[in-house]
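Student: Take this structure, written in structure tokens, and hold onto it; I'll ask about it next.
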Amino acid sequence: MDLLSEHVTRNENLSYGAKLLFSDILQICKHYGWCRLQNRYFAKRYNTNKRTIKRWIASLMDEKLIKKRIKLKYHRFIFLYEMSDNYVTRRINSTRWRLSKEQIRSLCKENLNG
């Protein structure tokens, strides 16, 4: 697991939970280019509720660490903030973002075990 930057670890505006969530999102984004896991998954992983995850994501967005995009009302994509808007738009509009159920299960298992 990569170490988080000092900007994140020493950021007093972020809770410890938000920092932990960011580390997971960072790893997924480095591997896939984006993160599409639902709040329900993260809530189960961190033994908390979806509302807490929503607050953590909002705090990460406020600190300009992540971007969130919605496609077709139900598909949320999280990108690292450093990614350009053109990159984000291309990734969302392409068909490459679609994962099979097996790929999603594999990703979830990797994150739960790692």
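Student: Work out how much length Arg10 to His31 would gain on full extension: take 0.36 nm times their residue separation and subtract the Cα-Cα distance, in nm to one decimal.
Tutor: 5.1 nm
Student: Of Lys30/Lys68; Lys19/Lys71; Lys30/Lys67, which ones are farther than 22 Å apart at the Cα?
Tutor: With Cα atoms farther than 22 Å apart: Lys19/Lys71.
Where a number appears in this text, it was derived from the coordinates with a stated rule and is not lab data. Treat the numbers as computed from the prediction; the structure is a model and nothing was measured.
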